[in-house]
Amino acid sequence: MILALIILVPLIIITLRIYFKSTPKHIDKRTSTIYNFIIFTISLIVCLMVCLYTYFTTGQSIDRAWWPILAVLGSLSMFPIVLIIGGLFRNFIIFRKSAIE
C-alpha cells in the first residue's frame, strides 16, 4: 500500500503539471477555465463512482475493513487517467488549431 502511494501521488502531481502546461495558447482564459472545471468535475465524479463501487463490492464482504484503502487507491489511479484523456481530448479534438482557422 505504501508503494502504491509512493507511485500514485507523484503521478498525480506530474499529470497536473503536464495537463496545465499543455493548454493550447490560442484559446482564451475563460474557455480554458470552463473546460478545466468540467474535466475536474468529471474526474471527481469518476472517483466517487470508484469509491461507491468499492464500497458496494468490498465493503459488504469479509474484507470490509479494506474498502476505504482500496477506494483511495482506485481514486488515485483514476484521477490521472481522466486528466490525461481530458487533456488529449482538449488538445487534439476540441481546441485543435486547424479547426479554429
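The values are calculated or read from the model by the stated rules, or taken from the named source; none is laboratory data. Everything numeric here is computed off the predicted structure, so don't read it as measured data. In this analysis, Cβ positions are derived from the backbone assuming ideal geometry, glycine residues included, and neighbour counts consider all displayed protein chains. Only protein heavy atoms, including side chains, enter the accessible area calculation; ligands, DNA and RNA are left aside. Shrake-Rupley method; radii C 1.70, N 1.55, O 1.52, S 1.80 Å.
Computed from backbone phi with θ = phi - 60° and the Karplus coefficients 6.51, -1.76 and 1.60, the 3J(HN,Hα) list for region 61-77 is 10, 5, 8, 5, 6, 8, 4, x, 5, 5, 5, 5, 5, x, 5, 5, 7 Hz; x is used for glycine and proline. In a reduced charge model with +1 at each Lys and Arg Cβ and -1 at each Asp and Glu Cβ, the chain shows a dipole moment near 420 debye about its Cα centre. Shown here: region 23-101, whose C-alpha atoms stretch 59, 19, 14 Å along the first, second and third principal axes, sorted largest to smallest. Distance between the 7 Å Cα→Cβ label points at Lys21 and Lys97: 1.9 nm. Spin-label model, Ile38 to Ile6: label points 7 Å out along the Cα-to-beta-carbon direction sit 4.0 nm apart. If I compute solvent accessible area with a 1.4 Å probe over the protein chains, what percent of it on the chain is carbon and sulfur? Taking all protein chains in place, the chain shows 76 percent carbon and sulfur surface.
Per-residue Karplus couplings for region 5-12, computed as 6.51 cos²θ - 1.76 cosθ + 1.60 with θ equal to phi - 60°, are listed in order as 5, 5, 7, 6, 5, x, 4, 5 Hz, Gly and Pro entered as x.
Report summary: the helix-based calculation at 222 nm, which adds -39500 (n - 2.57) for every DSSP H run with n ≥ 4 and divides by the residues of the chain, gives -26000 deg cm²/dmol.
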